[in-house]
Ligand SMILES: Nc1ncnc2c1ncn2[C@@H]1O[C@H](COP(=O)(O)OP(=O)(O)OP(=O)(O)O)[C@@H](O)[C@H]1O
Ligand SMILES: [Mg+2]
């Protein structure tokens, strides 16, 4: 692990315009992308900095935040780097909301309510013709009033010109048809609401079981040996089985058909939310 990036003074100044004098807390720094929590007497914000190849990705994310209703952003450049400041979302991630449910049945009502809230947040995005593109267990923040999403670097509004090249986000949550398109081309590959519903179900499966949805081992695939591209090519076949563990059958019975069906047969995010709301415990 190298040193944590240093936060550009321009970004600190933008944070202080909202928060008053801030104290910075280092949150994550990987692959050229760093996040700080900046807390001041008036508010707390997230500062995200992209350097190297991540600079343009960060610029794109800032532009998405600027366009999305319900999100605000201030962005700028510091030399070659790009930074933005956006309100800090207070709450637990979907992964954390499911923690108690992974440890025993008592946590299930809260996890299930969180699952429904996550579906509704994704449904809201889709209703505005946006696709998040990188749903993960850590990318939904369950605030007091609703779930807000973070990490919009691969978000896309249908009908607009997409990026020049998309290699996919988290491979373990990639819908088979998206994996096949990325494997075979042509670029630009576009994400879709149906592929996102696959990822959404995969996120909930992962949060419930503690493991990614697909049974690579059962399919005779060595994850390390295959690497992300090998896994993606295997996922593209659409033939990998789901992991056999069923710690929460009632929830998994709803998610399983979504993960096993083609894009045209998947429910919308809103319908998935309604189905989950009716799951009995
Ligand atoms: N607005 C925010 N409110 C609260 N927490 C945030 C916010 N933005 C980022 N975080 C925290 O910082 C972490 C990293 O943020 P994000 O996923 O946007 O960065 P990243 O560099 O793309 O990380 P990764 O490569 O792990 O996806 C999040 O998992 C979350 O804990
Ligand atoms: Mg992230």
Find the residue count for region 55-64, including only residues that are within 11 Å of ligand 1 (Cβ to nearest atom) and crowded, with 20+ Cβ neighbours inside 10 Å. 2
Check on residue 170, within 19 Å of the chain's Cα centre (by Cα), within 16 Å of ligand 1 (Cβ to nearest atom), buried (at least 20 other Cβ atoms within 10 Å of the Cβ) and at pLDDT 95 or above: no
I'm checking my understanding of the structure. Among residues of region 1-29 that are loosely packed, with under 14 Cβ neighbours inside 10 Å and closer than 19 Å to residue 141 by Cβ, which one is nearest to ligand 1 (Cβ to nearest atom)? 28
Could you check, for region 36-53, whether at least one of its residues is away from ligand 1 (no atom under 13 Å from the Cβ), in a strand (DSSP E or B), at negative phi and not assigned by TED's automatic domain parsing to the domain that holds residue 152? no
Being more than 17 Å from residue 257 (Cα to Cα), within 16 Å of ligand 1 (Cβ to nearest atom) and buried (at least 22 other Cβ atoms within 10 Å of the Cβ) narrows it down to one of 203, 147, so name that one. 147
Subset of region 88-113 (residues that are within 23 Å of residue 33 (Cα to Cα), more than 16 Å from the chain's Cα centre (by Cα) and buried (at least 16 other Cβ atoms within 10 Å of the Cβ)): 88
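The values are calculated or read from the model by the stated rules, or taken from the named source; none is laboratory data. No experiment lies behind these values; they were computed from the predicted model shown. Please note: Cβ atoms are built from the backbone with ideal geometry, for glycine as well, and neighbour counts cover all protein chains shown.
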